[in-house]
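Accompanying notes for the structure given below.
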Amino acid sequence: MNTGADLDRLVRAALDAARVAPATGDVPIGAVVFGPDGEPLAAACNAREALGDPTAHAEVIALRAAAAVHGDGWRLTGCTLAVTVEPCTMCAGAAVLARVARVVFGAWEPKTGAVGSLWDVVRDRRLGHRPEVVGGVLEAECAALVAEFFAAKR
Ligand SMILES: [Zn+2]
């Protein structure tokens, strides 16, 4: 299951979610949670501006929606969180708390990344649950989407 083609498929779905960013000036970052069978459970785009909610990052919205349909309470055991940009501390923490098996992301985020760049929240040895991590999948495409957004704002 951990083939390059499969990882590309996961991040491509997150890119699709990012591309439907609300027209409210939200940074186009997308996330999709996949069930243990590899089928998507929920997808979301960052909607911090749209919702006026500091916690409305794509990952948090997708994790909440996925838990609602997954059928094991708040647990997302065996699931994969795919996201276009390396998660921040909040989202990395949410992924750990949701017990996802794997975090797959596109672009590294050296300024705020908490899955290996600035911090490594998900693989802290002090934690009881540590998801597997794959970063840099479709990295150029994921980084370009955000770069184009900020270039257009200028
Ligand atoms: Zn976040």
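The values are calculated or read from the model by the stated rules, or taken from the named source; none is laboratory data. Note that the structure is predicted; figures quoted are calculated from it, not measured. Heads up, the Cβs are rebuilt from the backbone with ideal geometry, glycines too, and the neighbour counts pull from every protein chain shown. Remember, those area values only see protein heavy atoms, side chains included, never the ligands or the DNA or RNA. Shrake-Rupley method; radii C 1.70, N 1.55, O 1.52, S 1.80 Å.
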If you go through region 98-105 one residue at a time, do you hit one that is modelled with pLDDT of 95 or more, part of a helix (DSSP H, G or I) and open to solvent by less than 70 Å² (accessible area, probe 1.4 Å)?
no
Give the residue that is nearest to Val33 (Cα to Cα), with candidates limited to residues of region 77-87 that are out of contact with any Lys or Arg (no Cβ under 6 Å at 6 or more places or on another chain) and crowded, with 22+ Cβ neighbours inside 10 Å.
Leu81
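Residues are listed down the side, and each one gets a yes or a no for (1) within 16 Å of Asp6 (Cβ to Cβ); (2) assigned to a loop (DSSP other than H, G, I, E, B):
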{"residue": "Val32", "(1), (2)": "yes, no"}
{"residue": "Ala56", "(1), (2)": "no, yes"}
{"residue": "Ala65", "(1), (2)": "no, no"}
{"residue": "Thr84", "(1), (2)": "no, no"}
{"residue": "Lys111", "(1), (2)": "no, yes"}
{"residue": "Ser117", "(1), (2)": "no, yes"}
{"residue": "Gly128", "(1), (2)": "no, yes"}
{"residue": "Val137", "(1), (2)": "yes, yes"}
Is it true that some residue in region 56-66 is among the acidic types (Asp, Glu), open to solvent by less than 50 Å² (accessible area, probe 1.4 Å), closer than 17 Å to Ala21 by Cα and within 15 Å of the ligand (Cβ to nearest atom)?
yes
Taking region 18-41 only, how many residues are open to solvent by 10 Å² or more (accessible area, probe 1.4 Å), within 16 Å of the ligand (Cβ to nearest atom) and out of contact with any Asp or Glu (no Cβ under 9 Å at 6 or more places or on another chain)?
1
I'm checking my understanding of the structure. Among residues of region 79-114 that are within 11 Å of the ligand (Cβ to nearest atom) and of a type in the set (Ser, Thr, Tyr), which one is farthest from Leu127 (Cα to Cα)?
Thr112
